[in-house]
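The values are calculated or read from the model by the stated rules, or taken from the named source; none is laboratory data. In this text, all values refer to a predicted model and were calculated from it rather than measured experimentally. Cβ: placed from backbone, ideal geometry, glycine included. Neighbour counts: every protein chain shown.
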């Protein structure tokens, strides 16, 4: 494709992109498709000769777009959001054009230094103490794995890296029964084993019970285990429950355990001083992750990982073959040594664009608005009489179910709500997902999409009532 | 930012992008900067109020762009390339706009089914047998880690995932002394330990010596180890050496070892039938990775990971919490269970755009051209008399050094060539990097940038001679 063609096609795409964003509400949030519906529209073999871009773009619009779940539709209330925003998309266009590898300072000095700065900004914005240093990871899954590996190495004096596990390494890891699946995945990858992951019971608010944590640790110590690491969730995936950081931190200090905080979704709320109660006790925390790509209007992937001990992180991951050696006399950050992957996109650029375009106050305003919308809807659900709130609503996730006035068994309620969810999502007018709380099928509605406003929430609530009631 | 502003700014960006790509040769390939030069131009604190996009874009052009290494400059001969291309950038614009999470079929059906198709296309294009199934990973580092973890779990009957390492798990991993650093990193992460990674000696072509591999395996077995996995490189990072797959595969079969192929860079050459000799012996291979984001004109990240046993892969990584359960009656691919990260970008789209825009023949033509340019330059270097080719040139990496006619010691040659590289890169007219081969400082020149042509290679060679000779 010649450059003038690229210019023309890119302008065409921009108009499509702006139209899409303007009219994204016209698309069903979740498409009605059966497995294979897209596949059968795609040729089984690659074309031998190049095709005109117009054909490719046509197929994108006619085959791909109708088969997408539209995560940027403001009526997307499912999972946790994966937000984008105009400044973030603009940054992605430039990132793709520069197409630089940001694995070390020498391979892209400006990208490295911008990442340092952007992470300092972010640390300040969410109220983390100055002792934390940030680096961008792709996902919170990766960051949590990095944390557990760093804990493993720091504890073993880096001998598992060198010699592997030996019988003296009998370590245990702790998280609540509501913690994210990535903790279990990391424990497996790191060779610790799922059997050595203790899922600590939660209280009525689905937050980790510190006394149960301490009991588990003491039991493990008595059995000859060395408690390695605790993962505290600020905002569980099920119900955005907030583990009590100060109490957990005190236990970690007492027993010498590493403390990682998974604030993947909820961390963005820390831009609000009134939400900083969540990180009371941060002094005991070793590592902290939250995802600007979830609720801070920055395209995936952009996960902000903060560590107190950069040397431990680097010692865990650093490898310096000859072909990667560079000649800066001064000390620079080579982020390839700060995580698992060698190659790295220029992700700091989108964070910089987003923070500058919104300003701290602009981000705060959006987040406050989402929290207010949530509290408003939660009040309506409570007031409705035939619905039930299933968990506290500390932030912007509402866990609820339909509970009609005539007496019903739990199994029937589960079926009723699962069916309600299917019918709601089949409308294409909104998309929400579910979890189980206390064994009960629970609808989950998260109000955090970049462009969600009162109208979308009101329409969702009207639709929920309409389809729930006979 | 309102939508009409987004539209306007995005059009402005497109013009900048097209201009940048048209004039990328005007930028120094590698900037002349000292650590901190960018940082001191960036405010220490985030802005409280939002800034106009024009200011942000100005700073991008005036602070960031001059501080970048320009990977898309055709005179970029360093490392391995991280190519982009016009259709790939166009796809990235759409990917950022849809901003969909492609972790499971339900969260983006079209993305999942396009990924299946695109990976089938790619498998066919590079001549892998039909028994391989593909999935896109972010990097070859991650893919190699996935392979080693799958081997670990398949060997232990998935008990390391569940119970962790126990004393009966005495496993060893093998790669050549020229293998990529990601192998060592993966062995550490997986809890196997660097001491159990055997770096097998290489022959004069820097390829793994099969007899040395077999000796190492037999020695380990005699010492009570269980040989877990061999990583064969098709195209080492130092010199693009090709490990002998058939001989290595036969040894793996004999001793029951898993065989992973790291063809991260060189795998793209398999689009040419005349390069398929590299995968003779593919029948014994369990997993295979190559990066379209290196030499197949597709923006990073897009690493193509092919496995023979999808069930083993999924069993290694699958975790199904309630909040991720979906209701498709039929079997679908949920790619979150095919690797480490949960969140995934819509990477298949750029692969689809690139393959269709170039066509298979168009990609073949580019790759053949790069190989021909390389052979042409290698001949010139050989003929020059005062330069020395340091390794075979099976593909498009030339390892060479300046060796003036007067006799010199090895230490002096090392210094001379290190200095030559610094002076070459300081011109900004080209960028190449180095490795060590047989202990000698060796210049490495890779001809694989999307838009490189004979002129760039000729200019590089003229510059090399000019700066080398007194």
Practice prompt. Find the residue count for region A:1-56, including only residues that are buried (at least 16 other Cβ atoms within 10 Å of the Cβ), within 7 Å of chain B (Cβ to nearest Cβ) and farther than 30 Å from residue B:16 by Cβ.
Written response: 8
Practice prompt. Scan (1) in contact with a helix residue (DSSP H, G or I) (Cβ under 9 Å, 6 or more places away or on another chain); (2) modelled with pLDDT of 95 or more; (3) more than 8 Å from chain B (Cβ to nearest Cβ) for the single condition residue A:375 breaks and write down its number.
Written response: (1)
Worksheet item: Does any residue in region A:424-444 that is within 11 Å of another protein chain (Cβ to nearest Cβ) and within 30 Å of residue A:201 (Cβ to Cβ) come within less than 6 Å, Cβ to Cβ, of a residue that is surrounded by fewer than 16 Cβ atoms within 10 Å (Cβ to Cβ) and modelled with pLDDT of 95 or more six or more places away or on a different chain, and which pairs are these?
Response: A:441/A:418
Worksheet item: Is it true that some residue in region B:408-424 is touching a helix residue (DSSP H, G or I) at 6+ places or on another chain (Cβ under 8 Å) and within 30 Å of residue B:87 (Cα to Cα)?
Response: no
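Would you mind finding the one in A:124, A:120, A:116 that is in contact (Cβ under 8 Å) with a residue 40 or more places away in the chain, within 8 Å of another protein chain (Cβ to nearest Cβ) and assigned to a helix (DSSP H, G or I)?
Details: A:124 fails: in contact (Cβ under 8 Å) with a residue 40 or more places away in the chain; A:120 fails: in contact (Cβ under 8 Å) with a residue 40 or more places away in the chain.
A:116 is the lone residue from the list that is in contact (Cβ under 8 Å) with a residue 40 or more places away in the chain, within 8 Å of another protein chain (Cβ to nearest Cβ) and assigned to a helix (DSSP H, G or I).
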Worksheet item: Which pairs have Cβ atoms under 7 Å, sit 6 or more apart or on different chains, and link a residue in region B:318-336 that is under 14 Å from residue A:141 (Cα atoms) and at the interface with chain A (Cβ under 7 Å from one of its Cβ atoms) to one that is crowded, with 16+ Cβ neighbours inside 10 Å and modelled with pLDDT of 70 or more?
Response: B:319/A:181; B:319/A:184; B:319/A:185
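Considering region A:160-182 alone, what residues qualify as being more than 9 Å from every other protein chain (Cβ to nearest Cβ) and touching a residue at least 24 places away in the same chain (Cβ under 8 Å)? Give the derivation first.
Keep residues of region A:160-182 that are more than 9 Å from every other protein chain (Cβ to nearest Cβ), which gives A:168, A:172-179.
Scanning region A:160-182 gives A:172, A:173, A:174, A:175, A:176, A:177, A:178, A:179.
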Worksheet item: Restricting attention to region B:324-361, which residues are under 30 Å from residue B:459 (Cβ atoms) and crowded, with 19+ Cβ neighbours inside 10 Å?
Response: B:354, B:357, B:358
Worksheet item: Any residue in region A:15-24 that is modelled with pLDDT of 95 or more and either in a loop (DSSP other than H, G, I, E, B) or within 25 Å of residue A:421 (Cα to Cα) (or both)?
Response: yes
Discussion item. I'd like to check something: does region A:207-215 contain any residue that is in contact with a helix residue (DSSP H, G or I) (Cβ under 9 Å, 6 or more places away or on another chain) and part of a strand (DSSP E or B)?
Written reply: yes
Item to complete: Could you check, for region B:211-221, whether at least one of its residues is closer than 23 Å to residue B:81 by Cα, more than 8 Å from chain A (Cβ to nearest Cβ) and crowded, with 17+ Cβ neighbours inside 10 Å?
Response: no
Discussion item. Among the residues of region B:67-105, what is the count of those that are facing chain A (nearest Cβ under 7 Å) and within 30 Å of residue A:77 (Cβ to Cβ)?
Written reply: 10
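Residues of region B:77-113 being under 21 Å from the mean Cα position of the chain (by Cα) and part of a loop (DSSP other than H, G, I, E, B), which ones? Can you show your working first?
Narrowing region B:77-113 to residues under 21 Å from the mean Cα position of the chain (by Cα): B:77-89, B:91-92.
Once the filter is applied, which keeps residues that are under 21 Å from the mean Cα position of the chain (by Cα) and part of a loop (DSSP other than H, G, I, E, B), region B:77-113 yields B:77, B:78, B:79, B:80, B:81, B:82, B:83, B:84, B:85.
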Worksheet item: Just checking, how many residues over region B:337-347 are more than 8 Å from every other protein chain (Cβ to nearest Cβ) and either more than 26 Å from the chain's Cα centre (by Cα) or at pLDDT below 95 (or both)?
Response: 1
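Which one is farthest from residue B:157 (Cα to Cα) among residues in region B:219-245 that are assigned to a helix (DSSP H, G or I) and in contact (Cβ under 8 Å) with a residue 12 or more places away in the chain?
If we take residues in region B:219-245 being assigned to a helix (DSSP H, G or I) and in contact (Cβ under 8 Å) with a residue 12 or more places away in the chain, then B:245 is farthest from residue B:157 (Cα to Cα).
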Worksheet entry | Residue in region B:31-46 that is in a helix (DSSP H, G or I), modelled with pLDDT of 95 or more and more than 17 Å from residue A:356 (Cβ to Cβ) present | yes
Response to the item:
Among (1) buried (at least 24 other Cβ atoms within 10 Å of the Cβ); (2) within 27 Å of residue B:36 (Cβ to Cβ); (3) at the interface with chain B (Cβ under 10 Å from one of its Cβ atoms), residue A:152 falls short only on (2)
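Can you confirm whether residue B:350 is more than 10 Å from every other protein chain (Cβ to nearest Cβ), in a helix (DSSP H, G or I), touching a residue at least 40 places away in the same chain (Cβ under 8 Å) and over 22 Å from residue B:434 (Cβ atoms)? Steps first, please.
Working: more than 10 Å from every other protein chain (Cβ to nearest Cβ): no; in a helix (DSSP H, G or I): yes; touching a residue at least 40 places away in the same chain (Cβ under 8 Å): yes; over 22 Å from residue B:434 (Cβ atoms): yes.
No, not satisfied.
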Item to complete: For region A:183-194, state whether one or more residues are without any contact (Cβ under 8 Å) to a residue 60 or more places away in the chain, more than 8 Å from chain B (Cβ to nearest Cβ) and either farther than 29 Å from residue A:437 by Cα or outside any loop (DSSP other than H, G, I, E, B) (or both).
Response: yes
Worksheet, complete the sentence: Screening A:413, A:377, A:437 for residues that are surrounded by fewer than 19 Cβ atoms within 10 Å (Cβ to Cβ) and touching a strand residue (DSSP E or B) at 6+ places or on another chain (Cβ under 7 Å) leaves only A:413
Discussion item. It is to be established whether one or more residues within region A:142-159 are in contact with a helix residue (DSSP H, G or I) (Cβ under 8 Å, 6 or more places away or on another chain), touching a residue at least 12 places away in the same chain (Cβ under 8 Å) and not in a helix (DSSP H, G or I).
Written reply: yes
Response to the item:
Of (1) out of contact with any helix residue (DSSP H, G or I) (no Cβ under 9 Å at 6 or more places or on another chain); (2) farther than 21 Å from residue A:437 by Cβ, residue A:391 satisfies every one except (2)
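Just need a number here: residues in region B:382-425 that are part of a loop (DSSP other than H, G, I, E, B) and within 30 Å of the chain's Cα centre (by Cα). Step through it out loud before you land on a result.
Start the filter on region B:382-425 by keeping residues that are part of a loop (DSSP other than H, G, I, E, B), which leaves B:385-386, B:390-396, B:403-409.
Next, from what is left, pick out any that are within 30 Å of the chain's Cα centre (by Cα): B:390-396.
Result for region B:382-425: 7.
Out of curiosity, is residue A:142 within 7 Å of chain B (Cβ to nearest Cβ) and within 29 Å of residue A:315 (Cβ to Cβ)?
On the way: within 7 Å of chain B (Cβ to nearest Cβ): yes; within 29 Å of residue A:315 (Cβ to Cβ): yes.
The answer is yes for residue A:142.
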